[in-house]
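What follows is one structure encoded as structure tokens, with my remarks underneath.
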Amino acid sequence: MTETTLPTAFRQRMHQQLGAEYPAFLDALQQPPPVSIRVNPQKPVLPTNGLHSVPWCSAGFYLPTRPVFTLDPLFQAGAFYVQEASSMLLAEALGQTARLQRPLRVLDLCAAPGGKSTLLASLLTPDSLLVCNEVIRSRVPVLRENLEKWGLPNVAISNHDPEDFRALNGFFDLALVDAPCSGEGLFRKDPEAMLEWSEDNVRICAARQQRILTAAAPLLCDDGLLCYSTCTYNEEENLNNAAWLSEQGFEPLSLDLPDAWGVVEKTAGKAVGYQCYPNRVQGEGFFLSVFKKKQRSSPEMAVPRAFRSMKPVPNWQQKTLLSYLKNPKAFSFYVKPNGDVYAIPEAISAELRVLDSALHNKGFGLEMGTFKGDDFIPAHALALSTAIAENLPAIDLTREEAMRFFKKENLVLDKPVKGWLLARYEGLNLGWLKGVGNRVNNYLPKEWRIRMDIKEY
Ligand code: SAM
């Protein structure tokens, strides 16, 4: 990218915003974007020795080069997520402001593709509930795939407009609005973002963000936290909306960030926000602000006695289901009208019943599989779940075999095997195989098959 490829009005605005720092900012945009990943603490197999860590997130690391992540079985197994480093500032912000040791009800209102959802999931206690919502239906499958790989059973997914959450007013302890924005902070990483940029679009984004924040505000309980973030620099979207929120009964919270990190504190009236610039941090443009709700008006929420969308499984199926889980007593089992069986974490069962009655387009609990007659067909999500039993039959694959598994090829074994087997790579489950003589059939869902030619690499 050269300076002249940047929209003229954007250049003028940044010059005005940054003053003497503007040349350094332009210079940073000519450099390749840093590559960073965040490891999954529940699937700790990736060696991180010798990698530089992201200062504000203990699970974040910079890589010296950009590998082909698609062809890494550990990536496919959910051992890490590829995430731009500045966005991981959320970990430090919530570490300083939220009571993360307690069970919390958390909403990620603009969630796809799931970068911050997987980060939130790792920050929360296992008896917390994380609801990941994405309004655009076509973006839900990638969100689901990323969350299934991450493997935590206390996560729900929904597909709703923020205004559809009204029935959950006062329900959440923490809401993240990682808002759709003009994307100025991504110009280096994703030059396409420049094509959509205009001053008009900045105004449209700012107004859209205010609508989303307006819908999010009532969803929080007394003293609940609202975190608003964007990947842009302009004040119309960031600080103006933060200032507006601070006039709507939300108290802006200050963070204590070491100067050496290079994150810039910005203020407007009572509002305070934190901005990452690529010339100051090893990361892209990102803005974040955290607020505490001041009003005290949370309604009491009635908890339905049963799930609306599913029924308890018959007793005769319980024994099979129990054998698939590490800690089966922590779950109860339900079946949907289509026959899919889910394990519902007992610790958040009441919260999930509330969610079940409040939202139409949602999924929650750990998908276990389906019964076909006496046979149980385990689900792919179960294989990837951190809740799966450790003593199930499994076969360790080489890297090449693992990639063939992700190409959805059937594998040929030296010894005949029968029945369900977990495909495993470096101790992590990849999915299910079923032995039929010397051949094992591959049960990777077809939409998860990787299309890249594995022989090229
Ligand atoms: N949080 C995500 C992550 O970390 O991977 C990135 C979210 S992206 C910045 C913003 C998301 O908001 C997009 O997935 C987009 O589809 C969604 N979105 C677009 N318009 C929206 C609206 N009116 N209300 C809520 N979400 C919207």
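Quick note: the coordinates plus some simple rules give every number you see, no bench work behind them. Since the structure is predicted, the reported quantities are computational estimates derived from the model, not experimental observations. Backbone-built Cβ (ideal geometry, glycine too); neighbour counts: all protein chains shown.
Annotations
- Rg(Cα) / (2.2 N^0.38 Å) computed for the range 342-457, rounded to two decimals: 1.25
- Taking a straight line from the alpha carbon of Lys270, these aspartates and glutamates sit under 12 Å away, with near neighbours fewer than eight places off in the same chain left out: Glu247, Glu251.
- Seen against the Cα atoms of the chain and their longest principal axis, helix 8-18 is set at about 80 degrees.
- Scoring 364-371, 120-127, 391-398, 105-112 by mean Cβ neighbours within 10 Å over their residues and listing the highest first yields 105-112, 364-371, 120-127, 391-398.
- Cα-Cα over 32 Å, subset of Lys372/Lys408; Lys266/Lys293; Lys149/Lys415; Lys43/Lys266: Lys43/Lys266
- Listed residues Gln42, Gly19, Ala93: farthest to the positive end of the dipole of the chain (Cβ charges): Gln42
- The range 133-190 versus the range 381-424: alpha-carbon centroid distance in Å: 31
- A Förster radius of 35 Å combined with the Cβ-Cβ distance from Ala302 to Glu163 puts the calculated FRET efficiency at roughly 0.95.
- Under conditions of 10 °C and 1.306 mPa s, the range 201-334 yields 87 µm² s⁻¹ as its translational diffusion coefficient, taking Rh as the Kirkwood radius over Cα pairs in the Stokes-Einstein equation.
- For the range 49-106 versus the range 218-295, the gap between their alpha-carbon centres in whole angstrom: 20
- Packing-based order for 161-173, 70-82, using average beta carbon neighbours within 10 Å, highest first: 70-82, 161-173
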